[in-house]
Amino acid sequence: MKLAVIGNLTLLLGIFVVSGCTVFPNPEPPRVMDLALPATTHQAVQESPLSLRVDTPYASEPFNSTRILAKPTPWEFRAYDNVRWRDTVPVVIRDSLVEALRNSNAFAGVISDTSPADAELTLVSELTAFHAENPESAPQIVIALHMQLIHNRSRASVCSNNFRIVEPVPGTGIEEIIEGFSAAGGKLASSVIEWAKACDLPSHPERGQPRQP
């Protein structure tokens with residue numbers, strides 16, 4: 001009888017393994033976070049007649065993932081447990097910039113690189129920091145990007161700039177950390193809008209004009 005019981009249990013276990021099931025409960029899904037846009041966005045005094053395409057920032061590991069990162073020492077990254085961004089960090093930043101630029105009325109149109117539409121300008125960037133420093137004592141959020149505005153017809157760089165935002169956080173809890181990321185993201189968006197409007201942009205769209213040889 002004991003042998004029969006053991007044989008039945010072995011058979012059931014084999015069925016579970018083959019079917020990909022498990023007798024252990026699945027862990028709770030992680031909390032999914034996003035950047036909250038500021039209530040007010042920098043408003044352009046005069047709208048440019050040009051349209052702008054915002055490319056997804058280039059980023060290498062560990063910034064091209066959904067992990068929410070902390071940097072307790074200058075040589076080490078760690079990820080917060082049971083929590084992640086809603087998408088990869090570059091996509092989260094791109095979407096935040098697109099929405100802020102649209103709300104600013106700085107350009108005739110603002111699209112992301114997922115759109116099939118054309119634009120006169122493209123905002124390209126490289127992400128080198130998006131993390132919390134000193135997370136256990138005096139946390140602060142650090143965001144750093146190198147940005148360029150490209151004229152799409154000529155492929156010339158209209159202007160470029162380095163942005164580094166440092167935002168102190170009043171506490172070490174994950175809610176306060178995410179609020180710090182959102183505040184830093186809002187400051188980044190405002191700085192990018194002011195910078196883009198100050199660039200020496202062409203005064204009129206060039207659609208329909210013949211391409212120079």
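Assorted remarks:
- Qualifying trypsin sites (Lys or Arg not before Pro) in region 57-123, DSSP loop, other Cβ atoms within 10 Å at most 16: Arg86
- Seen from every direction in turn and averaged, the convex hull around the alpha carbons of region 86-184 projects onto 7.3 nm².
- Taking each residue as 0.36 nm, the span from Glu176 to Asp34 lengthens on full extension beyond its C-alpha to C-alpha distance by 49.8 nm.
- For region 30-198, the alpha carbon convex hull comes to 111 Å³ per residue, rounded to a whole number.
- The GluC sites (Glu not before Pro) found in region 70-153 that occupy coil by DSSP, while having at most 14 further C-beta atoms within 10 Å, are Glu136.
- Between His151, Pro30, His131, the Cα set farthest toward the positive side of the dipole of region 30-198 (charges on each charged residue's Cβ, about the Cα centre) is that of His151.
- Filtered chymotrypsin sites (Phe, Trp or Tyr not before Pro), region 39-143: DSSP coil and at most 12 other beta carbons within 10 Å: Trp75
- Residues whose amide H lies under 5 Å from that of Ser65, counting only those 5 or more places away or on a different chain, are Val89; hydrogens are built 1.01 Å from N in the peptide plane.
- Förster radius 30 Å - calculated FRET efficiency between Ala156 and Asp87, Cβ distance, rounded to 0.05: 0.45
- R0 of 35 Å, Cβ-Cβ distance Glu76-Ser191: FRET efficiency to nearest 0.05: 0.75
Read the figures in this text as sums done on the coordinates, not as results from a lab. The structure displayed is predicted, hence computed values, not measured ones. No Cβ is skipped: glycine too gets one built from the backbone with ideal geometry, and neighbour counts run over all protein chains shown.
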